[in-house]
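Peer 1: Sharing a structure with you now.
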Amino acid sequence: MKEIIEKFLESKKYTSSSNTYKAYFSDLKYLEKHFDSLIELNNYDKLHKLKKYLSEKYSQKTIARKWSVYREFFTYCLNKKIIKDNKILNISNELANYENKISKEKLDHKLLELICDSNPIWWFFYSTGVRVKEFLQYAKLKNLNLVNKEFILPNRKTFLCSKAFNLLQNHLKKREVSEYLNLDSDIFTDFKGQTLTENYLYTAFIIDSKKLGLNFKLKDLRKSLIIRLLENNAKAEDIIYMLGFKSEKSLEKFLT
């Protein structure tokens, strides 16, 4: 790591102002001190931990400057074929302290769970992170794998936690008593047995939230799931896959 950093700094020595060069030197010496090799640092887990450390210690402006230096250094290493890919390019320059992007109420998972307890549909949303439009299109029995506790979408699989799975099983058993179910049947219906609509879902969740004196919206379940995954050190690429994001940038924009 030391040798690579020295070569990069040498390349900047005569093309940067003295203050800029000092910033390069200071920022990269931190990497040299805390990481044994560039290969060790060039993975999502380490980069996320580095971003989190910066967000807890510095202002957003300082973080942006430091991260810009790191990105330039990684790009240099990629051009010199020292690394084969540049994972830092997939991580936005935005502040990485996710919790600061959301109100305190939205971070209270327990309150959201209270709302979910009022209807198995909400636990289904909370566990799978499914979007409303995806739910309306794909929430059919043929897309459930109850053996593996999976809800299968065209481009990914999501999973049912134990609470969501148990509530869903009870819900389906009750329905089987009064109606015929086949693979094309909706997983959930309204109280008249009709297919759910977007307006019904959004409105019903707000009503259940207000019954408990809370002010949540259905989309908060998806946000809270992302935060819980991050708090439990889930890998960024796994979250992106599970939630159906296209990139790291999409994940951060969703939390803004």
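The values are calculated or read from the model by the stated rules, or taken from the named source; none is laboratory data. The model shown is predicted, which means the values in this text are computed figures rather than measured ones. Using ideal geometry, Cβ is built from the backbone for each residue, glycine included, and neighbour counts are taken over all protein chains shown.
Peer 1: Based on what the data block shows, is E10 in the same structural domain as K81 (by TED's automatic domain parsing) and over 30 Å from N233 (Cα atoms)? Break it down stepwise before answering.
Peer 2: Working: in the same structural domain as K81 (by TED's automatic domain parsing): yes; over 30 Å from N233 (Cα atoms): yes.
In short, yes.
Peer 1: Turning to a different aspect of this structure: Would you pick out the residues in the stretch 206-232 that are touching a residue at least 60 places away in the same chain (Cβ under 8 Å), surrounded by fewer than 17 Cβ atoms within 10 Å (Cβ to Cβ) and of a type outside the set (D, E, K, R)?
Peer 2: Selection gives L212, L214, N215.
Peer 1: Could you look through the stretch 142-184, keep only residues that are under 30 Å from K110 (Cβ atoms) and hydroxyl-bearing (S, T, Y), and pick out the one that is surrounded by the most Cβ atoms within 10 Å (Cβ to Cβ)?
Peer 2: T158
Peer 1: In addition: I'd like to check which helices (runs of 4 or more DSSP H) are fully inside the stretch 2-86 and have at least 3 residues that are among the polar types (S, T, N, Q). Break it down into steps so the answer makes sense when it comes.
Peer 2: Numbers: elements: 2-12, 18-34, 38-41, 44-57, 60-79.
The helices (runs of 4 or more DSSP H) meeting that bar are 18-34, 60-79.
Peer 1: Quick check on the stretch 218-239: of everything there that is assigned to a helix (DSSP H, G or I) and basic (K, R), which residue is modelled with the lowest pLDDT? Don't jump to the end; show me each part of the working.
Peer 2: Going through the stretch 218-239, the residues assigned to a helix (DSSP H, G or I) turn out to be 219-231, 236-239.
Within this subset, residues satisfying the condition of being basic (K, R) are 219, 222-223, 228.
On the way: K219: 91, R222: 91, K223: 87, R228: 83.
Filtering the stretch 218-239 for residues that are assigned to a helix (DSSP H, G or I) and basic (K, R), the one modelled with the lowest pLDDT comes out as R228.
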